[in-house]
Amino acid sequence: MASLIPKPRKKLVFLASGRGSNLEAVLQVIQKGKIPANPAFLITDNPEAPSIQIAARHNVPTKILDWKSYSKKEEYHLDLLRTLEEISPDLIVACGYMRILKPEIIRAFRNRIINIHPSLLPSFTGLHAQKQAFDYGVKIAGCTAHFVDEGVDSGPIILQGVIKIEEGMTERELTLAILKEEHKILPLAVKHFCEDRLLIKDRKVSIL
Ligand code: GRF
């Protein structure tokens, strides 16, 4: 009789610089036992990030690499690479991480870094994506969970969440609606990764 052997849980590292609502969304789903993952560490560049408290509430330790304390910024990126190599995670989840990852890190963890971005990529890359979309006057906005490559918000798309912009919607309402959607698609993208369901071919991601 065939028996099901559970697959090993994936080791996760989170990168976050700020509020941490996406971090919390993922940790909550892990805690409910719905993602086969062990959250190993949060790494932050900001010692005042509220994300640190969120991680602590979920018993996830934080490593702080204080961006401001590095007079030579290359040293920060080297330390980040060293720290990541030491932990050796299966997956890195960037959730509100405000630095651009250096190519060395992307190479070392190719197709093992997921980011959440608050626009329907490839539109509105970079900062203040919700405002960019709102000011442009698009009728459909949303968010994207994607693998990170050497470009800015340009890696293979895993999932997207869509928000219809209704007449009279404010930028703030749009930003909140997008964030709510982020909290759904990021945990789902992480879950698919941890269940070995993501296949990347010619930059297209299939969910098996
Ligand atoms: C989110 O809007 C995310 O898409 C973007 O930064 C914001 C982080 O929010 N990359 P939070 O820290 O997860 O609450």
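The values are calculated or read from the model by the stated rules, or taken from the named source; none is laboratory data. This one's a predicted model, so the numbers in the text were calculated from it and none came from an experiment. Please note: Cβ atoms are built from the backbone with ideal geometry, for glycine as well, and neighbour counts cover all protein chains shown. Remember, those area values only see protein heavy atoms, side chains included, never the ligands or the DNA or RNA. Shrake-Rupley method; radii C 1.70, N 1.55, O 1.52, S 1.80 Å.
Segment residue 71..residue 85, full-extension length gain: 2.8 nm, with 0.36 nm per residue of separation and the alpha-carbon distance subtracted. Rolling a 1.4 Å probe over the protein heavy atoms gives segment 10-207 an accessible area of 50 Å² per residue.
The amide H of residue 11, built 1.01 Å from its N in the peptide plane, has 38, 90, 91 as neighbours under 5 Å, considering only residues 5 or more places off or on other chains. In plain terms, the C-alpha convex hull of the chain casts an average shadow of 13.2 nm² when viewed from every direction. Rg and Dmax of segment 78-153, based on Cα coordinates, read 14.0, 45 Å. Please build a GNM for the chain, connecting alpha carbons under 10 Å apart, and tell me which residue among 136, 76, 97 fluctuates the most. Of 136, 76, 97, the most mobile in the Gaussian network model is 136.
Basic side chains Lys and Arg get +1 at the Cβ, acidic Asp and Glu get -1 at the Cβ, and with that the dipole of the chain about its Cα centre reaches some 600 debye. Positive end of the dipole of the chain (Cβ unit charges, origin at the Cα centre): among 56, 78, 5, the Cα lying farthest that way belongs to 5. Structure remark: mean-square fluctuation, Gaussian network model of the chain, C-alpha springs under 10 Å; the largest value among 187, 50, 118 belongs to 50. Principal axis analysis of the Cα atoms in segment 119-208 yields extents of 42, 24, 17 Å, listed in decreasing size. In this simple spin-label approximation, residue 200 and residue 7 carry label points 7 Å from Cα along the Cα→Cβ vector, and these lie 1.6 nm apart.
Using R₀ = 30 Å, calculate the FRET efficiency as 1/(1 + (r/R₀)^6) where r is the Cβ-Cβ separation of residue 139 and residue 100; round to 0.05. Please report the intermediate quantities before stating the final value.
Values: r = 30 Å, r/R0 = 1.01.
The value I calculate is 0.50.
Which of 131/201; 7/191; 7/180 have a Cα-Cα distance over 22 Å? If you can, show how the numbers build up before the last one.
On the way: 131/201 32 Å; 7/191 13 Å; 7/180 30 Å.
Pairs exceeding the cut-off: 131/201; 7/180.
Rounded to the nearest Hz, the phi-derived 3J(HN,Hα) couplings of segment 63-68 under the Karplus curve 6.51 cos²θ - 1.76 cosθ + 1.60 (θ = phi - 60°) are 10, 9, 10, 6, 3, 5, where x marks glycine and proline.
Of the DSSP beta bridges with both residues in segment 10-207, give the percent that are antiparallel, rounding to the nearest 5.
Details: 15 of 31 bridges.
Of the beta bridges lying entirely in segment 10-207, close to 50 percent run antiparallel.
When you filter the trypsin sites (Lys or Arg not before Pro) in segment 1-99 for DSSP loop state and at most 11 other Cβ atoms inside 10 Å of their Cβ, you are left with 32, 72.
Partners of residue 34 within straight-line reach, counting aspartates and glutamates whose Cα lies under 19 Å from its Cα and excluding those fewer than 8 residues away in the same chain: 24, 90, 181, 182, 195, 196. Share of carbon and sulfur in the accessible area of the chain stands at 54%, probe radius 1.4 Å.
When you restrict to C-alpha pairs under 8 Å that are six or more residues apart and normalise by the size of the chain, the relative contact order lands at 19 percent. For every helix of n ≥ 4 consecutive DSSP H residues, a contribution of -39,500 (n - 2.57) applies; sum these over the chain, divide by its total residues, and give [θ] at 222 nm rounded to the nearest 500 deg cm²/dmol. Computed mean residue ellipticity for the chain: -10500 deg cm²/dmol.
Simple spin-label estimate for residue 57 and residue 166 gives 2.9 nm between the two label positions (7 Å along the Cα-to-Cβ direction from each Cα).
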